[in-house]
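The values are calculated or read from the model by the stated rules, or taken from the named source; none is laboratory data. Only a predicted model underlies this, so the values are computations on that prediction, with no experimental measurement involved. Every residue, glycine among them, receives a Cβ derived from its backbone with ideal geometry; neighbour counts consider all protein chains shown. Side chains included, ligands, DNA and RNA excluded: accessible areas come from the protein's heavy atoms. Shrake-Rupley method; radii C 1.70, N 1.55, O 1.52, S 1.80 Å.
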Amino acid sequence: MATLPPNTAASIAIIKAQCLSMVNLATKTEWQLFTRFGEVEETLVVITELKTVAQEASDAFSRFSSLQLKVATAQPEISAALAKLVLDSKERIETRIPAWERSIEEILSTWRLP
């Protein structure tokens with residue numbers, strides 16, 4: 001049966017949880033910004049940035065879900081190409097998560113949102 005190494009599978013589970021958290025935090029921040037300040041010129045750029053963060057994190061979550069399904073259906077083992085795709089995706093998203101967090105934290109601080 002095709003499976004990922006346990007440490008890779010665990011890392012992907014953590015990354016997916018972080019992506020889901022980023023979607024939640026970005027959309028929550030967008031809602032707070034909109035309800036507190038409205039859709040004015042100053043907030044439009046920030047709202048767009050938050051939508052981008054949420055979309056990128058959502059896409060990453062979906063990508064990992066799709067890759068997990070591809071791994072599960074690969075028989076009798078994972079191809080080298082699929083394994084490389086999983087690891088490359090993992091590395092790329094691991095570097096994006098801190099950037100998404102910083103963007104949201106900066107917006108929360110700048111706009112003095114809770």
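Given H placed 1.01 Å from N in the peptide plane, which residues other than close sequence neighbours of Ala2 have an amide H under 5 Å from its amide H?
none
Could you list, in their original order, any pairs among Lys70/Lys90; Lys16/Lys51; Lys28/Lys84 whose Cα atoms are separated by more than 24 Å? List each step's numbers first, then the result.
Numbers: Lys70/Lys90 15 Å; Lys16/Lys51 18 Å; Lys28/Lys84 34 Å.
Among Lys70/Lys90; Lys16/Lys51; Lys28/Lys84, the Cα-Cα distance tops 24 Å for Lys28/Lys84.
Work from the charge dipole of segment 5-114 (Cβ charges, +1 for Lys and Arg, -1 for Asp and Glu, about the Cα centre) and give the residue of Ala54, Thr73, Ile104 farthest towards its positive end.
So the residue furthest toward the plus end is Thr73.
Under 15 Å from the Cβ of Arg63, count the other residues' Cβ atoms, weight Lys and Arg +1, Asp and Glu -1, and hand me the total.
+1
Would you mind calculating the relative contact order of the chain from Cα pairs under 8 angstrom and at least 6 residues apart, reporting the percent as a whole number?
Once divided by the residue count of the chain, the mean separation gives 43 percent.
What's the carbon and sulfur percent of the chain's accessible surface, probe 1.4 angstrom, rounded to a whole number?
Within the chain, the accessible surface is 58 percent carbon and sulfur.
Between Gln32 and Thr95, what FRET efficiency follows from the Cβ-Cβ distance if R0 is 22 Å, with the result rounded to 0.05?
0.25
Just from its helices, what would the mean residue ellipticity at 222 nm be for the chain, if runs of 4 or more DSSP H residues each count -39500 (n - 2.57) and the sum is divided by every residue, rounded to the nearest 500 deg cm²/dmol?
The helix-only estimate for the chain comes to -30500 deg cm²/dmol at 222 nm.
Please state, as a whole number in µm²/s, the translational diffusion coefficient that the Stokes-Einstein equation yields for the chain at 25 °C and 0.890 mPa s, with Rh defined as the Kirkwood radius across alpha carbon pairs.
On the way: Rh = 15.4 Å.
For the chosen part, D equals 160 µm²/s.
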